[in-house]
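Okay, so here's the structure we're looking at.
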Amino acid sequence: MPRHSNNKGKVLPVPPLDMEEVKFWLQIMEEHALFIKTGLPCDKPDLIEEAAAFERELKALRVRAEKLSSEKKFAELIADILCSLKEFLRYKRLLLGLSLTNKLGSALPPLFFDHLVREAEYFMAILEKLRAGKKLSVVKAREADFWLRIMADHTKFIGARLDPTERSLLGVVCEFSTEFDDLTMQGRNYVGFFEHQAPELPAFGRFLQDSRSATARLRDFKQAAYDMITKNRMLSTIPALMADHVRREADHFLLILAMIEKCVIKEESPTKYTHAENIGMVVDNEFFAESESIVFDDWVEPERESSEKAIDNTGPEYKPEKSRKQIITGQTASDDSGSAVVDDTVAIPVDTIVFEPVSQEAVAVDTAIETKLIAAEQVTPAAKPPAPAQDGKQGKYKWGGKWPRQLGKMKN
């Protein structure tokens, strides 16, 4: 993911952020071709050779990207990358189809090829917007959904290639897999929420912080796995390059999250949530023109002002027209003038009202009902048991289980 250049005041021929983004994804695509080439069965020489050809082609494009000197060359490079990437995407989809129908015979599962297809489509969306000269914006919920699913896939691939004897490492990977599956589902829920609600929810900001914390821990685990692989301290079939590959993608996601939280990446109109076809991301280059450098590592989100309005729970006083006793016995209230009050607006003289005689049986029934109601009111409710004493100071959030940190905060 691109970082800001420290060459203050120097006019660059190509926006550095766009260029770094392209170079990052070119390397990812090149490594995809390598992983496919080494993972296909030996009885598929044509597919292996095609993967090798894509690897060479993408490497040549990456070398060109390192030597760019003008915007014209940049536009030509984007066009050439798009041409190659379309063919590479077609090839990946072919492999996915063969894998889904058990016609490939590869040790690589269908999810692996689907994973590669999704990343190629993401890169394609970025290139299309760069070619159109647009400043790419991002739908935050969809961006988080895309990357969280990528991270969840990584945990599946690592777990599948660990030796069964690595029980402790398998347990760690299983916990990461469950955590990122849950975050992915939560992210998809926010995508649905924002189709009907503007994306200004404090809970979504906390969700991004949780995603950032989980991804940072997964990134550290990937780095530890890479170190163990290079030193032969892990039993697995994971190539060192693949371990480094997934670690770099985690770093990429972390930077995107930091830039979202610092509002460097612009948010698309909420109306685009429903109809967004592609996921693409580009940052606001004008932001970098005004600032010398950006440090994301130690950034802490400032406290946000609450936009919620105070709710007034005090309603108007209710004054019943008749007391409960009057309702039961059929009596009417009277004012000081000697008139019976029938409602709030009409007062009728007492001598004009004719009362029908009430039977002794009805009076006895009403009296019994009144006695029961009065007795029920006099029952004293049981006192609530005292709250148990709490040991120690309670944190900002209290969660059960083995939550390793306060929600929404990075673990030191």
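Some observations on this one:
- Selection of segment 118-130 for residues being open to solvent by 10 Å² or more (accessible area, probe 1.4 Å) and either of a type in the set (Asp, Glu) or closer than 17 Å to Glu30 by Cα (or both) yields Arg118, Glu121, Met124, Glu128.
Each row is one residue, and each column tells you yes or no for (1) among the hydrophobic types (A, V, I, L, M, F, W, C); (2) more than 27 Å from Ser106 (Cβ to Cβ); (3) in a loop (DSSP other than H, G, I, E, B); (4) out of contact with any Cys (no Cβ under 7 Å at 6 or more places or on another chain).
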residue: Thr155; (1), (2), (3), (4): no, no, no, yes
residue: Gly159; (1), (2), (3), (4): no, no, no, no
residue: Val173; (1), (2), (3), (4): yes, no, no, yes
residue: Tyr190; (1), (2), (3), (4): no, yes, no, yes
residue: Gly205; (1), (2), (3), (4): no, yes, no, yes
residue: Asp227; (1), (2), (3), (4): no, yes, no, yes
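- Note on segment 31-88: residues that are of a type in the set (A, V, I, L, M, F, W, C), open to solvent by less than 20 Å² (accessible area, probe 1.4 Å), over 24 Å from Ala132 (Cβ atoms) and in contact (Cβ under 8 Å) with a residue 40 or more places away in the chain total 5.
- Inside segment 138-170, residues that are surrounded by fewer than 19 Cβ atoms within 10 Å (Cβ to Cβ), touching a strand residue (DSSP E or B) at 6+ places or on another chain (Cβ under 9 Å) and in contact (Cβ under 8 Å) with a residue 60 or more places away in the chain make up a count of 3.
- Checking each residue in segment 188-226 for being at pLDDT 95 or above and small (Gly, Ala, Ser) picks out Ser211, Ser213, Ala214, Ala216, Ala224, Ala225.
- Hey, Leu111 under 26 Å from Asp210 (Cα atoms) and surrounded by fewer than 17 Cβ atoms within 10 Å (Cβ to Cβ) or not: yes
- Residue in segment 175-188 that is farthest from Leu208 (Cα to Cα), counting only those that are of a type outside the set (A, V, I, L, M) and open to solvent by 80 Å² or more (accessible area, probe 1.4 Å): Glu175
The values are calculated or read from the model by the stated rules, or taken from the named source; none is laboratory data. What you see is a predicted model, and the numbers here were worked out from it, not measured in a lab. Neighbour counts are summed over all protein chains in view; Cβ atoms, including those assigned to glycine, are modelled from backbone coordinates with ideal geometry. For the accessible areas, the whole protein counts, side chains as well, though only heavy atoms, and no ligand, DNA or RNA atoms are used. Shrake-Rupley method; radii C 1.70, N 1.55, O 1.52, S 1.80 Å.
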